[in-house]
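The structure under discussion appears below in the form of structure tokens.
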Amino acid sequence: MTMVGVFLILDVIWFYAFWELSLVPMLYIIGAWGGEKRMYAAVKFFLYTFAGSVLMLVGILYMGFLYYEATGIWSFALPDWYLLQVPFRAQLWLFGAFFLGFAIKVPMFPFHTWLPYAHGQAPTIGSVILAAVLLKMGSYGFVRFSLPLFPDATVYFLIPVAIICIIMVIYAAMIAYAQEDMKQVIAYSSISHMGIVILGTFAMNAEGITGSIFLMLSHGIVSGALFMLVGVIYDRRHTKMIRDFGGLAQVMPNFATVYGIMLMASVGLPLTVGFVGEFLSLVGFYRISWILTLLAGTGIILGAVYMLVLYKKSFFGQVVHEENRSLKDLNAKELSALIPLVLLVAILGIYPKPLLSTIDMSVQKMLVLMDQKAIEPATKELIMKANSIGGTH
Amino acid sequence: METISIDVASLNLPALLPMAILTLGALGLICVDLVVKGLNRSFLTMITILFILLDLGAVIGYNGPSRAFFDVLLVDGIALIAQVIILVASAIFLPLSLSHRHFREFEMAEFYALFMFMIVGFQCMVVSDNLILIFIGLETSSLALYTMIAMHNRAKAFEAAIKYFTMGALAAGFYALSALIFYAMTGSVEIYQIEQALQARNFEPLVGILAGTIFMLGALGFKLSLVPSHTWTPDVYEGSSAPLAGYMAVVPKIAGFVVAMRLFEMLVYSGVVWLEHILYAAVVLTMTLANITALVQEDVKRMLAFSSISHAGFMMAAILIGTTQSNTALFLYWTLFMFTNLGAFTMLWIVRHRKNLWDERYQHPYTKFSGLVKLMPATATIMGIFMFALAGMPPFSVFWGKLYLISAAINSEYIYLAVIIALNSAIAVYYYMKLAVYMFLKEPVMADATLYATNASTPLKVIVGVAVMITVFAIVFVEPLLEILTKYVSASGF
């Protein structure tokens, strides 16, 4: 998998190379094995993400040039870049260039339109990879590049980005409610959740960033599992439309149980893995602005609404369609894939500390670095403010 | 009358040796053809390659002073690199004549003689800063090339040759006019003396320089297919055989770039701002318009033609920037592009079918490649690699050239230019990917694998193999190549 390279390598040019290379297999997965409009979806996905990242490449090269100007040495190693204080105006432009690359990948409003198509047309495995790995490449990019490299620009653009996040959270949740296709519901819920991830990232404090990283992970598990579950039912019925189901709980009790657990985790029920990240992200951002956090919080409520409606319509009530009566429950192969995920959801939901403390350590270091690098007094002030009140870390 | 006495040593004849080898080779070949009838095409190809390699040896082995032959020749670093690129490209494009099916032009010794004359012409263009010798080189190579296109002996080939010839004649006229104007203003045809003279008179009169530059841009723009003198490119590519079309996309242009580098850098550095603006406009238009036109092409060869215009636009951007790094980027880009382009056109040559089965008008419509992966997975994959490489997908060859070029633009504070280059790469992805989409994601139109690869032969497969290797593993030798190129480019003061 070429996607592995994006997270391991600090040499930024290689980061870019793998970043782009990861598009090719996805193009093929969606385009060759997808649904009816697979080609349109695959090409749209490819062009969108490619266009975003070429501008990021210009940003990367400009960053290399700035490093050269400051030190007289060429370097594309991220640890070197971390030490560089980028002039404020340059930060704004560079932040913009990187933002485009990452925002399209996440995908942030208004660049999100490729995602429903890609998810809608992709085969199960494609959707799982898209939701669990590919979307996180964007949010990872924010944490790895945008924040530590351009702290002042991050603070400068904080409120606009947060507003985009809130639009994502609420708008995507509303669209998700209106969907008739199970997979589209989950696809739009992904956008909604990614809104909270980015919001947490821009909280500029340990809780928010740690929470958002944790949420990336948990959303990967949960939405991956949900797409797998949709794949399970699609295998049996060759349809993903909610109206074709109903009363599935009677026919497939195990399936309904696993689905229910994953759904609850997605909604952010306490003691599931989804709660930890979402809660921390929102708590983190509360220090920046309580009103925006409140708005983002409605996303959880809306999430409960569309997810529970989905669950009600497809699992409860009487079996309306005769074809559904003879459906087989999960078999051993499917269970062996899903049970580990269910266990993860429960264990990390109840005891997330080992993971959180590991993430927290690196986040603390990053925040210290950001504080040291900040040029504008406003940035220092905000980092101070975001990290002080009632901080227990 | 004064007696003219010339010291033979001062002529520095070894500098002429590379061109002499090929000229003698070509003449010898014609003489042999008079006596011996029916020379085998493998023999002709191999003997020509042998002469090209001898020429290459003479080029690399030369270590005399850079000025020679009444100061007409200028053997500097960029002349050396450009000659090596020209000769290597010629030596690897020529074996494409050894295809499975026999074509009339490749059976004739004249073709090979013309090929060698053409190379001599290109070499004359790059090893001189004398406007007259450049002109002679330009015309020698062009006339040989027109004839070779026509020798393909199809109606479209004649059309292409005549179209190329007519437009080329106009361009030659422009060139002569431009040279005349510069001579009138400065009393010299040597670029470095023109530069000194122009500086001495402080780049006055402006109208004269404007006229000279515009005519020169028209003349070289024709050779380099810059917008707006690019219109011949797709038709000529379509009419020529794939090997020649691929050759035309690489070699005449590198010769043109070197001339443009010598001329325009002097003009850009003159400090007259509008000169830079004219060039800037030409660069941006070339990249963008060609890219947009390529989007709507239905034929792969025409698409490659428009894309090669756009690549030429990138290269002119390097000349516009005019730093050592950007000039190095030009050569790096073009070396990498050469191999990938070679691969792509060889693939077209391999899948050439006698009849236009897929489309009445076009020989290589996109539909021809529909579902190729189901019929011939290896062919489709290789073609896909070339397409993604041309699109600038990392880590394939052209990406590294593009990377270095954009970085050169940024380092000279041409940020907007860098962004325009990047955006154009994003546009370009669409039409390259279109072919990949057709090959990998669509169903075959005619599910008959025997329709493809009718022209494949072992030499062609070897060439494709070499091109794939170099395209995929470009990263391994980009670094050393860059070092060599930087050394020579900076040594010649560009």
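The values are calculated or read from the model by the stated rules, or taken from the named source; none is laboratory data. Predicted model, so just to flag it, every value in this text is computed and none were measured. Cβ sites come from the backbone with ideal geometry, for glycine too, and all protein chains shown count toward neighbours.
Would you please name the residue that is nearest to the chain's Cα centre (by Cα), looking only at residues in the stretch B:417-429 that are at the interface with another protein chain (Cβ under 7 Å from one of its Cβ atoms) and closer than 19 Å to B:LEU330 by Cβ?
Within the stretch B:417-429, the match that is nearest to the chain's Cα centre (by Cα) is B:SER425.
Of the residues that sit in the stretch B:364-401 and are part of a loop (DSSP other than H, G, I, E, B) and of a type in the set (A, V, I, L, M), which one is nearest to the other protein chains (Cβ to nearest Cβ)?
Among them, the one singled out is B:MET393.
What do you reckon, is A:LEU47 within 17 Å of the chain's Cα centre (by Cα), at pLDDT 85 or above and closer than 27 Å to A:MET216 by Cα?
no
Select from the stretch B:262-315 the residues that are part of a helix (DSSP H, G or I) and of a type in the set (S, T, N, Q) and write down the one among them that is farthest from B:ALA329 (Cα to Cα).
B:THR293
Out of A:ALA118, A:ALA122, A:ALA132, A:ALA70, I need the residue that is small (Gly, Ala, Ser) and out of contact with any helix residue (DSSP H, G or I) (no Cβ under 8 Å at 6 or more places or on another chain). Which one?
Being small (Gly, Ala, Ser) and out of contact with any helix residue (DSSP H, G or I) (no Cβ under 8 Å at 6 or more places or on another chain) holds for just one of A:ALA118, A:ALA122, A:ALA132, A:ALA70, which is A:ALA70.
Before we move on, is B:ALA391 under 20 Å from the mean Cα position of the chain (by Cα) and closer than 27 Å to B:MET446 by Cα?
no
A:PRO151 fails exactly one of the following numbered conditions: (1) crowded, with 24+ Cβ neighbours inside 10 Å; (2) touching a Gly at 6+ places or on another chain (Cβ under 8 Å); (3) not aliphatic (A, V, I, L, M). What is the number of that condition?
With respect to (1) crowded, with 24+ Cβ neighbours inside 10 Å; (2) touching a Gly at 6+ places or on another chain (Cβ under 8 Å); (3) not aliphatic (A, V, I, L, M), A:PRO151 is out only on (2).
Return the only residue of B:TYR414, B:TYR404, B:TYR432 being within 21 Å of the chain's Cα centre (by Cα), at pLDDT below 90 and more than 9 Å from every other protein chain (Cβ to nearest Cβ).
Selected residue: B:TYR404, the only one of B:TYR414, B:TYR404, B:TYR432 that is within 21 Å of the chain's Cα centre (by Cα), at pLDDT below 90 and more than 9 Å from every other protein chain (Cβ to nearest Cβ).
Can you tell me which residue is surrounded by the fewest Cβ atoms within 10 Å (Cβ to Cβ) among those in the stretch A:72-93 that are in contact with an Asp or Glu (Cβ under 6 Å, 6 or more places away or on another chain) and part of a helix (DSSP H, G or I)?
This residue is A:PHE88.
Before we move on, is A:GLY101 of a type outside the set (Asp, Glu), surrounded by 21 or more Cβ atoms within 10 Å (Cβ to Cβ) and touching a Lys or Arg at 6+ places or on another chain (Cβ under 8 Å)?
Against the criterion (of a type outside the set (Asp, Glu), surrounded by 21 or more Cβ atoms within 10 Å (Cβ to Cβ) and touching a Lys or Arg at 6+ places or on another chain (Cβ under 8 Å)), A:GLY101 does not qualify.
Is there a residue being more than 13 Å from chain A (Cβ to nearest Cβ), buried (at least 22 other Cβ atoms within 10 Å of the Cβ) and either in contact with a Lys or Arg (Cβ under 6 Å, 6 or more places away or on another chain) or not in a helix (DSSP H, G or I) (or both) anywhere in the stretch B:349-363?
Yes, the conditions are met somewhere in the stretch B:349-363.
For the subset of the stretch A:10-19 comprising residues that are aliphatic (A, V, I, L, M) and more than 8 Å from chain B (Cβ to nearest Cβ), which member is surrounded by the fewest Cβ atoms within 10 Å (Cβ to Cβ)?
Looking at residues that are aliphatic (A, V, I, L, M) and more than 8 Å from chain B (Cβ to nearest Cβ), I get A:LEU10.
Considering each of B:ALA197, B:ALA161 in turn, give the residue that is under 30 Å from B:THR48 (Cβ atoms) and surrounded by fewer than 23 Cβ atoms within 10 Å (Cβ to Cβ).
Among B:ALA197, B:ALA161, only B:ALA161 is under 30 Å from B:THR48 (Cβ atoms) and surrounded by fewer than 23 Cβ atoms within 10 Å (Cβ to Cβ).
Do the conditions hold for B:LEU145, that is, is it crowded, with 17+ Cβ neighbours inside 10 Å and either out of contact with any Lys or Arg (no Cβ under 9 Å at 6 or more places or on another chain) or not in a helix (DSSP H, G or I) (or both)?
Yes: the conditions hold for B:LEU145.
Name every residue in the stretch A:20-44 that is among the small types (Gly, Ala, Ser) and more than 8 Å from every other protein chain (Cβ to nearest Cβ), in order of residue number.
A:SER22, A:GLY34, A:GLY35, A:ALA41
Per-residue answers, yes or no, for (1) at pLDDT 85 or above; (2) within 21 Å of B:MET266 (Cβ to Cβ):
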{"residue": "B:GLY64", "(1), (2)": "no, no"}
{"residue": "B:ILE92", "(1), (2)": "yes, no"}
{"residue": "B:LEU98", "(1), (2)": "yes, no"}
{"residue": "B:MET108", "(1), (2)": "yes, no"}
{"residue": "B:MET118", "(1), (2)": "yes, no"}
{"residue": "B:MET125", "(1), (2)": "yes, yes"}
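Report yes if some residue within the stretch B:63-83 is in contact with an Asp or Glu (Cβ under 7 Å, 6 or more places away or on another chain) and polar (S, T, N, Q); otherwise report no.
Scanning the stretch B:63-83 turns up at least one residue that is in contact with an Asp or Glu (Cβ under 7 Å, 6 or more places away or on another chain) and polar (S, T, N, Q).
Given the criteria at pLDDT below 85 and either of a type in the set (A, V, I, L, M, F, W, C) or in a helix (DSSP H, G or I) (or both), does B:ALA467 qualify?
no
If you go through the stretch A:54-69, how many residues are farther than 17 Å from B:LEU405 by Cβ and either at the interface with another protein chain (Cβ under 9 Å from one of its Cβ atoms) or without any contact (Cβ under 8 Å) to a residue 24 or more places away in the chain (or both)?
2
Which of the residues spanning the stretch B:403-423 are crowded, with 20+ Cβ neighbours inside 10 Å and either hydroxyl-bearing (Ser, Thr, Tyr) or in contact with a Ser or Thr (Cβ under 6 Å, 6 or more places away or on another chain) (or both)?
Of everything in the stretch B:403-423, those that are crowded, with 20+ Cβ neighbours inside 10 Å and either hydroxyl-bearing (Ser, Thr, Tyr) or in contact with a Ser or Thr (Cβ under 6 Å, 6 or more places away or on another chain) (or both) turn out to be B:TYR404, B:SER407, B:ALA408, B:TYR414.
Of the conditions (1) touching a Leu at 6+ places or on another chain (Cβ under 7 Å); (2) over 24 Å from A:LYS240 (Cα atoms), A:ILE164 satisfies every one except a single condition; which number is it?
Only one criterion in (1) touching a Leu at 6+ places or on another chain (Cβ under 7 Å); (2) over 24 Å from A:LYS240 (Cα atoms) is unmet by A:ILE164, namely (1).
When A:GLY297 is evaluated against the numbered criteria (1) part of a helix (DSSP H, G or I); (2) more than 29 Å from A:VAL128 (Cα to Cα), which criterion, by number, is the only one it fails?
Only one criterion in (1) part of a helix (DSSP H, G or I); (2) more than 29 Å from A:VAL128 (Cα to Cα) is unmet by A:GLY297, namely (2).
Just the residues that are under 13 Å from B:LEU54 (Cβ atoms) and of a type outside the set (A, V, I, L, M, F, W, C), please, taken from the stretch B:12-29.
B:PRO18, B:THR23, B:GLY25, B:GLY28 - these are the residues of the stretch B:12-29 that are under 13 Å from B:LEU54 (Cβ atoms) and of a type outside the set (A, V, I, L, M, F, W, C).
Could you please find all residues in the stretch B:445-475 being within 14 Å of chain A (Cβ to nearest Cβ) and surrounded by fewer than 20 Cβ atoms within 10 Å (Cβ to Cβ)?
Hits for the stretch B:445-475 are B:VAL472, B:PHE473, B:ILE475.
Could you list, in sequence order, the residues of the stretch B:462-487 that are within 21 Å of the chain's Cα centre (by Cα) and under 18 Å from B:LEU405 (Cβ atoms)?
Within the stretch B:462-487, B:THR471, B:ALA474, B:VAL478, B:LEU481, B:LEU482, B:ILE484, B:LEU485, B:THR486 qualify.
Residues A:PHE255, A:PHE245, A:PHE275: which one is in the same structural domain as A:TYR177 (by TED's automatic domain parsing), buried (at least 20 other Cβ atoms within 10 Å of the Cβ) and touching a His at 6+ places or on another chain (Cβ under 8 Å)?
None of the other options fit; the residue is A:PHE245.
Kindly list, by first and then second residue, each pair from a residue in the stretch B:474-486 that is under 19 Å from B:GLY392 (Cβ atoms) to a residue that is not in a helix (DSSP H, G or I), limited to pairs with Cβ atoms under 8 Å and residues at least 6 apart or on different chains.
Filtered contacts from the stretch B:474-486: B:ALA474/B:PRO395; B:ALA474/B:PHE396; B:ILE475/B:PRO395.
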